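**Student:** Following this message is one structure expressed as structure tokens.
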Amino acid sequence: MGPRRISLIAIALLLCSGCAAQPRSTAPSPTATATATATGVDPVEECAGSVGYWVRYLLTPGSDMGLDYQEMGLSSGENNIVQSLIPAARSTAQRQGLPAAQAYALAQARPRCRSYLVALAASPGSAPGWPK
């Protein structure tokens, strides 16, 4: 072996040993967890806000672009809530206007989202959006 080859091998070994010295952990860092918790986003309000938005969107004449629930960013459970609220929200919109329909949907979505999220937490084997 020539001196050049020995030098290249030594450099490669040094680089590899430097990588191996870095501990790897699959656990989330405390900073990431603290940041996610510190945002204060209530999952029920996030769900209800999405449901209210999409109910209004689907009731707005001419706005339905044929998106499926995944393109809307909804889980299957959230989509079920949207679909269950559409008939009553539609009649509210016809009688009182679109803002009243969205307010109705938002008010009805909160308890339904809470129930959905409790059921989801009780069955950790199923991820949102994936059928059982």
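**Student:** Considering the stretch 20-45 alone, what residues qualify as being part of a loop (DSSP other than H, G, I, E, B), at pLDDT 75 or above and aliphatic (A, V, I, L, M)? Spell out how you get there, then give the answer.
**Tutor:** Our first condition is that a residue be part of a loop (DSSP other than H, G, I, E, B); within the stretch 20-45, this holds for 21-29, 39-42.
Subsequent filtering for residues that are at pLDDT 75 or above retains 40-42.
Listed by number, the list holds a single entry, 41.
**Student:** Looking at this structure, is residue 48 among the hydrophobic types (A, V, I, L, M, F, W, C), modelled with pLDDT of 55 or more and over 24 Å from the mean Cα position of the chain (by Cα)? Step through it out loud before you land on a result.
**Tutor:** Details: among the hydrophobic types (A, V, I, L, M, F, W, C): yes; modelled with pLDDT of 55 or more: yes; over 24 Å from the mean Cα position of the chain (by Cα): no.
When the stated conditions are applied, residue 48 does not pass them.
**Student:** Being among the basic types (Lys, Arg) and exposed (fewer than 14 other Cβ atoms within 10 Å of the Cβ) is the filter here, so list the residues in the stretch 91-117 that pass it.
**Tutor:** Across the stretch 91-117, the qualifying residue is only 95.
The values are calculated or read from the model by the stated rules, or taken from the named source; none is laboratory data. Computed from a predicted model, the values in this text were never measured in an experiment. As a convention, Cβ positions derive from the backbone with ideal geometry for all residues, glycine included, and neighbour counts pool all protein chains shown.
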